[in-house]
Amino acid sequence: MDHVHSVVLACHHCHGEHLHEVTYAGRLLASTICSNCGHTIAKDLPGLRRAYIADVEHRVLTKPRRMLRRVMHQPVSFARGLPGALLLKPAKMEAELRVLYGRRSGG
């Protein structure tokens, strides 16, 4: 899934720049794990859940405007991508919820 990324970050625990696994819940950073020492920094889950709900509300409220802007600027690619986007959205939301409730999905 696209909610887990690998990036090089400075680890304050082992004092070096190492590959980290960075996990997102939607657009919000949920956790980082250092590949060198295993040090984990995880967001406070209740706070992350509240922030995620606020973020989803914002995304839902602004979606019509973003869709209109896209259909005006890229009507053909918008029309081609819409069926796939509608089919994939439930899986993307499920992956975000898995992160929020501490269950990792493979990927």
>> For semi-axes √(5λ) of the Cα gyration tensor in Å, one of (1) 37, 12, 11; (2) 32, 16, 13; (3) 19, 18, 14 was computed from the structure I shared and the rest are decoys. Which label?
In response: (2)
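Longest segment of the chain with no trypsin sites (Lys or Arg not before Pro) in a DSSP loop having at most 15 other Cβ atoms within 10 Å?
Numbers: sites that count: ARG27, ARG103, ARG104.
Segment 28-102 is the longest.
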> How far, in nm, would the chain grow between MET67 and ILE41 when pulled straight, counting 0.36 nm per residue and subtracting the alpha carbon separation?
Replying inline: 5.9 nm
> Nearest 10 degrees, 0 to 90: what angle lies between the long axis of helix 45-73 and the longest principal axis of the chain (Cα atoms)?
Replying inline: 30 degrees
>> Within the stretch 4-40, name every residue whose backbone N is under 18 Å away from a label modeled 7 Å from Cα of ARG49 along the Cβ vector.
In response: 24-31
> Looking at LEU9, PHE78, LEU28, which one has the Cα that reaches farthest to the positive end of the dipole of the chain (charges on Cβ: Lys, Arg +1; Asp, Glu -1)?
Replying inline: PHE78
> Among the chymotrypsin sites (Phe, Trp or Tyr not before Pro) within the stretch 1-101, which fall in a DSSP loop and have no more than 12 other Cβ atoms within 10 Å of their own Cβ?
Replying inline: TYR101
> Quick one: Karplus J couplings for the stretch 79-88, per residue in order, coefficients 6.51, -1.76, 1.60, θ = phi - 60°, nearest Hz, x for Gly and Pro?
Replying inline: 5, 6, x, 4, x, x, 4, 5, 6, 7
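What does the helix-only formula give at 222 nm for the chain: each DSSP H stretch with n ≥ 4 adding -39500 (n - 2.57), the total divided by the residues, and the result rounded to the nearest 500 deg cm²/dmol?
Theoretical 222 nm ellipticity from helices: -18500 deg cm²/dmol.
Taken together, the values in this text are just the output of simple stated rules run on the coordinates, not laboratory data. Every value quoted in this text rests on a predicted model; they were computed, and no experiment measured them. No Cβ is skipped: glycine too gets one built from the backbone with ideal geometry, and neighbour counts run over all protein chains shown.
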